[in-house]
Amino acid sequence: MKAFFANKGSLALLIVPLLVIFIFGGVYSRYMTAQVEVHAEEERIRQEEEAERQFALELMTMFPEATEIEKRTVASVEKSYIIPGKAGANPEDFFSPIVKKSYLVSDASTDIGVIYVIESHGNKSGLVLVFAIEFATNSITGIQVLEHNETDTAAYFRKLGTEFYAQFDDLAFDVPVLVVDAVAGATYSSRGFEIATLYAREQYAADFDFVIPVVLVEANDIDYNLDPDTFADYPFVADITYGTEAKNAVVYLALDFSFAAMASGTDDLSDFEKLEIKNLASQAGLSTLSYFSSYDAETRTVVMQAKGYVTRYTIQVTFVINEDLTAIESYSVLSRETYDSEYNELYTGPGVPYVESKMITQYRNGESIDTIAGASAKTEPAILSLIDLFDRFLGSLGGGE
Amino acid sequence: MARFAGGKAPYLRIADQPGQGTNVVMRDFLIGLLPVVLFAWYKNGIQVYLDGNIAIMEMFYPFVFILLGGLSSLLMEGLSFYITDKENRSLKGLMKRLHTSFSLIPGLILALLLPLYTPVWVLLFGAFMASIVAKMLFGGFGHNIFNPALLGYLAVGFTLSGVIAAAGGALNASEVLVDTYAGATPLGILAATKQIDYQTLVAPYGNLWNFLLGTIPGALGETGALAIIIAYIWFSVRKVIKWSTPLIYIGTVFALSWLIGIFAGDAGIWFPTYSILSGGVMFGAVYMATEPVTTPKNPWGKVVFALFLGALTVLFRFIGNFPEGVGTSLIVMNMFTMPIDNLTAQMRSAGLRKATFVKGGLLVVLLGALIAYALFKASTIYSLSIITRIFLQGVM
Amino acid sequence: MILQKARGIRIDGAKSMSKTSPLREYLDPKVVYIPLVQQTFPLKRLVEPGESVAIGQIVAMREGFTEMPVHASVSGKIAAIKKVWHASGRMVEAIEIENDFLNRYDPAVKPEKDPEALTPEQLIEKMKQAGLVGLGGAGFPTYRKYCTKCAIDTIIINAVECEPYMTCDCLQVEKTPEKLLKGLRYFMKAAGATRGFIAYKDYNAGIREALEPLLPHYPGTSLFALNDRYPAGWEKYIVESVVGKTYQKLPSEIGVIVNNSATAIAFADMVEDNLPLVRRVITITGEGITSPQNFHVPLGTKVQDLVAMSGGYKEGLDPKNAWYLAGGPMTGRAILVDELVVSDTLGAVVVLPMPAEKLHPECLGCGQCADVCPVHLTPTEIKRALDRKDLKAIGSLNADKCMACGLCSYVCPSHIEIADYVAKAKESLKKGA
Ligand code: SF4
Ligand code: SF4
C-alpha cells in the first residue's frame, strides 16, 4: 500500500479528483436538471395565482368604492332548472347552475358585497355570468358576461342589448317574484340569465342572512268562466285563498290568465299575489284556444271564437241551442282557415269550412269526432277546444249529456 | 579569478522584474476571467436565488461548474504529462509542468461557453477534447493550432447538444420560468426567422440594455457584454492582449451588420448593436480572437486576422445555419493563422515596398470578395430591394 | 500607430549606480595587454617580447581594407605574448606590456601647432594613423566612414548611450564638453559637413548644461534631445530622428555620419596632441559591484584591477549565479572568466546577479517581440522558418535587418531566447548566401 502510494501517488492524485468531479459533478448536475421541472411547476402555479389575482382585481371594479377583494367558499345549494327550450319531461331536461367562484368585497372598513361567478345554461351550456350583489340593498349592482357559447349573431345573443342588461341594475332580490324580461329572438339566452339570477339569489340566501320573500296564494279552483254575463270579458275564473290571513276570493282572469277583476271578495291583492295567481292559472291546464263572444238568452244563440291555423282571423262559430237547452239546434261557421299549410297539399276534402262543419256535426250527432288529415295540427285542436267549451256551457245551462 | 555563468543577451528581461513574466500573464488572464465568472454566477445563480426562484444548492452551481471545468482541464493535462513524460512523474515535476502550461484556462473558458444545465460529464468530455485532443496532442501549450476551449466547445456542440437540451437547455432557472423567451437565444431567433426587425429580435428580451448587461438567454459567460468589457479594459491595461484586435473584430462585425441591416431596409443603429452584443461576439473578441497561441503574433497579422474573422463571422451568422458564427469563424481562422502571420510578417519587415503592396492588395481583394459575398448572400436572404441586389450582382 | 508602432521601449537605465561617483583616472596599471584582435580581425604584431615601447608607439597593424595601426597604451617593456579574455567573449593573444611608470610618449605624440589649419585629408589621415575606431561598441575604423564618396553635410555625435547601466559616455561628455565639441568640429571639417548635432537623451540634463553654453563658439552645432527609449542610440533611429530621413545601409547615403561621443573626444586629442587611441572610459557597474563607477584607463588594463578599485564584488555574490558582462546588459556578452582586459570596444563591465528562477515555458505567442522590434521583424516567424531550416523564408522575413538590439528577448514574458534565434537565422542567411 505504502509502496503503491510512493510510486503512483501523483497518478492517484490526478485520477481520484477526476473521479470525484465525475461523480460529485454528475450528481450535482442531475440534481440541477431535476430542479428545472420543479421550478417550471412552481412557476406555473405562481402564474395561475397571479392570473387569479388579476381576475379578482378586475372584478373588484364592479364595486366602485371597493378596496379589497378576497376569495370565499360558498354554501352548497341544490336547485335545478329546466334547460331553456326543453319540456322538462325527463331528467336530462334539467340542470343545476354552478357557482364557479365567489369573492367577498370590502372597502376600507366593512364588507360591502359579494361576487358570484355562475355558470348557467342559455341556448347552450357554458353561459358564465358574474353577479355583483350589494349587502346594503340586497340587490344586484352589476352583471357581466364572462363566457358563453350562445349563437353570437345579431339575430340571437346580440339582441340582448343595453335595455336588457339595464334591468339588472339595482335589481332587488328582496321581492317575492324575480322576473327577467326576455328579449324576443333570444328567449333561451334570456332564460339562461334569469335562471342564473334566480340561482344567484338562492346562493345569496344560503350564504348570507337573507330570506327570499314568498307569496302565499292557494288555488281552490280555477276554471273557465261559463257565466254568460261576464264570460266574454273574463274567460277564466279562479277561487283562491291568499295572504297570511287566508282570505278567500274569486277573481276573473283574462285570456292570458292575468288578473282581470274581482268576482267576489275585497280587492286587496298585491301585485305579486296577482302574478302568483297568473302563475298558478297557467299551470292549471286550461285551454286558451277558444272563448266566448256573446250569448243571447232569448234566441239561445252563442257566438264563439277559436284560434286556428290562420292567426289573423279567428274561426267564429254561432250555435243556436234548442229550446230545451240540451242540444244544438243549428249552427253556422264563419271561417277563413286555409287549414294547416304543411298539410294543405294533403288536404283533399271540400273547401272551408268543411272541417269545422264536419267536426261540429259529428259532435251534434253524438258521434265520435274524426281526425281529418291536413287539418289536424291547428284547426282541429281549435275546434276541439271550442266544442269542449261549448259542451261545458251547455252543461252549465242545465242540459246536455 | 572567478568563473561566471554564461548566458545570452540581453541579460535584462522584463520577465525577471517583479510583477512580470508568464506567471503574471497567466495570473492577469485569470483575473480577467473573473468579471465574467462572477457575472455568470450572478446571473445564473445569485440573482435567481435572491429572487427566490431556486434553492441555495442551485445557487452555487454555476460557480462550481466553472471551477470544475478549470479543474478537470488541469487534471487531464496532468494525466497526459504523467503518461507522456516518464521523467517528471513526481508531484513536483508535474506541478512545474502544469504551472507553465496554462492548463486551467481551456476548461474555464469552455465552462463559460456552455449553458448552465450542461451535465458535468459533457463538461468533462469537452475538457478532454480541449485539453487532450486540441492541446496536448498538438504538442502542448504553444503548439496547438486550434483554440482548445473552442475545439472542446464545438466538439460538444456538434455531438452532444441534444444531451444538453435534454438536461435543461440553454436557459437559466430564471428564464425557464419566463415563457416569452420560448427557449431561444436571440440569434436562434434570427436564424429561424431570417427577419431583421426590432420587434422580433430585441423586443422579446426587453431592450438593448439587457443585451449589454447580459440578462438574455445564452451560455454561462458569453452574454455578459459589460463584464467582458471590464475584462477587456483590464487586459488592455495589463497588456495581456493587444487592445486593438477586439476593437477591429467587433468593428468589422458592426459595420457589416449595419450594411446588411441597411440592405434589409432597417438602417437603425440597433441592429449592428444587437449583432455585436449577441451570440458571443464580445466573448470571442476578448477571450478568443486574442488568444495568443492560435492567432497571429505580429501586429499586422492581428489586424488582418481580426478583419477576416469579422467578415467570416458575419458570413456564417447571417447566411449559414450556425446561429453562433463566432466559434466557427474562429476555428476556420485558426487554420489560417500561420499563413497570415507569415505573410504579414514579411510585409511588415519589408516596409513600404512594392512586394508589400502586392501582398497587401491580395489580402484586400480577398477580404473584399469575402465581404461582397457575405453582403450579396445576405441580400438574397433578407428580402432586399432589387436595386441593391442588381448593384451587388454587377460588382460580383 | 497600431501598424508601425515600434519606437523602442523605456528601460530602467540603472545608471544612477555608476553615475553618482566621479570619473576616476587610472592611467598607470602595472601591466596592460594589447589584444591582437580588433572586432574579429586578427592584427599583425610588430613588436617582440623584450622590446621597450613608449605610449603611442605602434605595436601592431590592422590589415586589409580597414588597415590601421594599433598603439601601446603605457610605456614599458613587452613582457610576453599572452592569451587574455577579450570583449568578444573569446581568449585572444595579447601583447603584455609591463609598465615602467615613466610615462614616456612616442615622439610623434606632440601638440599640433595649428590644428585649425589641417585639411580634411590630413584630418582623415590622422584618424587612420591614430587608430581611431568607433568607441561606442562597433569598433569600426572611423576613417573608413570618412573615406566615402557621398557628399556629407551632417555629422551626428551619438551621446545617447541607451544601454542601461552604462554611463561612461555621458560622464565623459559632462567632464570634457569642450573636447567633444572640438572633436565634432574636426569631424565636420574632415567631412566637409555644415551641420553638427549632438544627440542625447532628454533626461540627461547634465549633457545639456555642459554643452549649451559652449555651442555658440562652434558654429553649425546644435543639441538634439531624444526620448528615453531603448534603442534610441541606434544609429538608424538617431539619423531618422535628427534629419528626418532614413537610409538603407549606411547613413552616408543621405549625407550623414554618426560618431560616438567618446570617439569625438578621442579625436580631439588626436588632432591637437597627436595622441593615438590609447585610452578610453569604462563603466564598472552592476548589482554585483560594491561601488560602481567609471574609469579613464589605458587600453589593455585588466578589468580585475578596476573591479578591485570599485570595492570588488558585492558580498555574497555567487559567480556561478551571476553574469560578468562585457558591454551593457542588452547587447553585451557574458564572459565566463573575469580575466577580461579593456579593449577599444569595451565600454562597460556589468556584473549582474542572475534572477532567482527562470521559467522557460513555451512561447506564449503574445507577439510582444514583434510589437517591440525596431525594424518591424516578427521574430516568432523567423524562428519558425529557422526551425524548418527554410532559408528562403528567413530571407523573405528580412531577418538580416535585425540590429541585435535584444529587445525581443527583453520583452518576452516566457524567457524565450528569441533574439538569439533571430541572430542565428541572420547568421545562417549569411552562410547560405
Ligand atoms: S534583436 Fe533583432 S529581431 Fe529582436 S528586436 Fe532587436 S532587431 Fe528585432
Ligand atoms: S515575446 Fe516571447 S512569448 Fe511572446 S511571442 Fe515573442 S517569443 Fe513568444
Any hit, region B:91-104, residues being part of a helix (DSSP H, G or I), among the small types (Gly, Ala, Ser) and at pLDDT below 80: yes
Among (1) at pLDDT 90 or above; (2) under 24 Å from B:Tyr11 (Cβ atoms), the one test that C:Glu163 misses: (1)
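Yes/no matrix, rows are residues, columns are (1) modelled with pLDDT of 90 or more; (2) of a type outside the set (Val, Ile, Thr); (3) open to solvent by less than 10 Å² (accessible area, probe 1.4 Å); (4) within 16 Å of ligand 2 (Cβ to nearest atom):
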position: C:Leu391; (1), (2), (3), (4): no, yes, no, no
position: C:Met403; (1), (2), (3), (4): no, yes, no, no
position: C:Gly406; (1), (2), (3), (4): no, yes, yes, yes
position: C:Cys412; (1), (2), (3), (4): no, yes, no, yes
position: C:Glu417; (1), (2), (3), (4): no, yes, no, yes
position: C:Tyr421; (1), (2), (3), (4): yes, yes, no, yes
position: C:Ala433; (1), (2), (3), (4): no, yes, no, no
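Does B:Leu375 fit the bill of being at pLDDT below 90 and within 28 Å of the chain's Cα centre (by Cα)? Explain how you work it out, then say what you get.
On the way: at pLDDT below 90: yes; within 28 Å of the chain's Cα centre (by Cα): yes.
Here the answer is yes, as B:Leu375 does meet what is asked.
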Enumerated strands (runs of 3 or more DSSP E) restricted to region C:288-354, each holding at least 1 residues that are more than 11 Å from chain B (Cβ to nearest Cβ): C:293-298, C:348-353
Any chance C:Val341 is more than 16 Å from ligand 2 (Cβ to nearest atom), under 30 Å from C:Thr167 (Cβ atoms) and surrounded by 23 or more Cβ atoms within 10 Å (Cβ to Cβ): yes
Filter pass, B:Pro299 being under 30 Å from C:Leu364 (Cα atoms), more than 16 Å from ligand 1 (Cβ to nearest atom) and within 14 Å of another protein chain (Cβ to nearest Cβ): no
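Going through A:Asp233, A:Asp209, A:Asp268, A:Asp223 one at a time, which residue ends up being assigned to a strand (DSSP E or B) and surrounded by fewer than 19 Cβ atoms within 10 Å (Cβ to Cβ)? Outline the logic, then answer.
Values: A:Asp233 fails: assigned to a strand (DSSP E or B); A:Asp209 fails: assigned to a strand (DSSP E or B); A:Asp268 fails: assigned to a strand (DSSP E or B).
On inspection, the qualifying residue turns out to be A:Asp223.
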Checklist (1) more than 22 Å from C:Asp12 (Cα to Cα); (2) open to solvent by 50 Å² or more (accessible area, probe 1.4 Å); (3) among the hydrophobic types (A, V, I, L, M, F, W, C) applied to C:Phe267, failing item: (2)
Qualifying position, being modelled with pLDDT of 90 or more and open to solvent by 10 Å² or more (accessible area, probe 1.4 Å), among B:Val64, B:Val24: B:Val64
Checking B:Ser101 against (1) in contact (Cβ under 8 Å) with a residue 60 or more places away in the chain; (2) more than 12 Å from chain A (Cβ to nearest Cβ); (3) open to solvent by less than 20 Å² (accessible area, probe 1.4 Å); (4) of a type outside the set (Lys, Arg), the condition it does not meet: (1)
Any hit, region B:333-351, residues being away from every other protein chain (no Cβ under 14 Å) and without any contact (Cβ under 8 Å) to a residue 60 or more places away in the chain: yes
Every residue from region C:393-433 that is more than 14 Å from ligand 1 (Cβ to nearest atom), at the interface with another protein chain (Cβ under 8 Å from one of its Cβ atoms) and hydroxyl-bearing (Ser, Thr, Tyr): C:Ser396, C:Ser414
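Only one of these is aliphatic (A, V, I, L, M) and not in a helix (DSSP H, G or I): C:Ile257, C:Ile265. Name it. Don't jump to the end; show me each part of the working.
Details: C:Ile265 fails: not in a helix (DSSP H, G or I).
Being aliphatic (A, V, I, L, M) and not in a helix (DSSP H, G or I) holds for just one of C:Ile257, C:Ile265, which is C:Ile257.
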Qualifying residue in region C:380-392 (condition: farther than 22 Å from C:Gly139 by Cα, within 15 Å of ligand 1 (Cβ to nearest atom) and within 7 Å of chain B (Cβ to nearest Cβ)): yes
Flag if A:Phe55 is modelled with pLDDT of 85 or more, within 9 Å of another protein chain (Cβ to nearest Cβ) and in a helix (DSSP H, G or I): no
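Those residues that are among the acidic types (Asp, Glu) and either within 15 Å of ligand 1 (Cβ to nearest atom) or within 30 Å of the chain's Cα centre (by Cα) (or both), I need them from region C:342-379; list them, please.
At the first step, the residues of region C:342-379 found to be among the acidic types (Asp, Glu) are C:344, C:357, C:362, C:371.
Passing the criteria: C:Asp344, C:Asp371.
Kindly check whether there is at least one residue in region B:6-20 that is assigned to a helix (DSSP H, G or I), closer than 30 Å to C:Cys405 by Cα and not hydrophobic (A, V, I, L, M, F, W, C).
Start the filter on region B:6-20 by keeping residues that are assigned to a helix (DSSP H, G or I), which leaves B:14-16.
This time we only want the ones that are closer than 30 Å to C:Cys405 by Cα, so: B:14-16.
Adding the requirement that they be not hydrophobic (A, V, I, L, M, F, W, C) leaves B:16.
The answer is yes; a qualifying residue exists.
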Failed item in (1) touching a residue at least 24 places away in the same chain (Cβ under 8 Å); (2) under 21 Å from A:Lys101 (Cα atoms); (3) open to solvent by 40 Å² or more (accessible area, probe 1.4 Å); (4) among the β-branched types (Val, Ile, Thr), with A:Thr151 passing the rest: (2)
Answer residue from region A:97-118, given it is out of contact with any Asp or Glu (no Cβ under 7 Å at 6 or more places or on another chain) and without any contact (Cβ under 8 Å) to a residue 24 or more places away in the chain and is farthest from A:Arg201 (Cα to Cα) among those: A:Ser109
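The values are calculated or read from the model by the stated rules, or taken from the named source; none is laboratory data. Every value quoted in this text rests on a predicted model; they were computed, and no experiment measured them. Backbone-built Cβ (ideal geometry, glycine too); neighbour counts: all protein chains shown. In case anyone asks, the SASA skips ligands and DNA or RNA and just uses the protein heavy atoms, side chains included. Shrake-Rupley method; radii C 1.70, N 1.55, O 1.52, S 1.80 Å.
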